[in-house]
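Here is the structure we will look at.
The values are calculated or read from the model by the stated rules, or taken from the named source; none is laboratory data. Quick caveat: nothing in here was measured; it's all calculated off a predicted structure. Here the Cβ is made from the backbone with ideal geometry for all residues, glycine too, and neighbour counts use every protein chain on show. For accessibility, only protein heavy atoms count, side chains too; no ligands or nucleic acids. Shrake-Rupley method; radii C 1.70, N 1.55, O 1.52, S 1.80 Å.
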Amino acid sequence: MTLEEMIQAIARDHSRTAFAGLFEHFAPRLKSYVMRLGADERAAEEVVQETMLMVWRKAGAFDPDRAAASTWVFTIARNKRIDRIRREARP
């Protein structure tokens with residue numbers, strides 16, 4: 001099953017198996033990416049959790065004609081990292 005098909009299975013069937021496969025594929029890559037953006041290990045793990053939760057919730061919004069699965073997931077992670085920085089910057 002491709003990454004795109006996994007996201008579609010999550011959207012269509014709430015497939016936990018597809019989500020587990022997607023999580024296994026993306027979690028280490030996302031953590032590394034977020035740490036390269038400047039997060040410490042704990043913050044990176046939290047961003048990964050928030051990202052994958054958003055993938056579960058918003059899988060129906062994924063359009064394989066507009067973006068690859070990896071682009072869509074990494075964009076969510078980048079936005080979650082930005083949100084975290086903004087929250088931390090508030091007094």
Can you spot a residue in segment 18-31 that is open to solvent by 60 Å² or more (accessible area, probe 1.4 Å) and among the aromatic types (Phe, Trp, Tyr)?
yes
Going by what's in this entry, would residue 6 be described as at pLDDT 95 or above, in contact with a Gly (Cβ under 6 Å, 6 or more places away or on another chain) and in a helix (DSSP H, G or I)?
yes
Given the structure, is residue 77 in contact with a Leu (Cβ under 6 Å, 6 or more places away or on another chain) and within 20 Å of residue 20 (Cα to Cα)?
yes
Taking the condition of being surrounded by 14 or more Cβ atoms within 10 Å (Cβ to Cβ), under 11 Å from residue 7 (Cβ atoms) and not β-branched (Val, Ile, Thr), how many residues in segment 33-69 meet it?
7
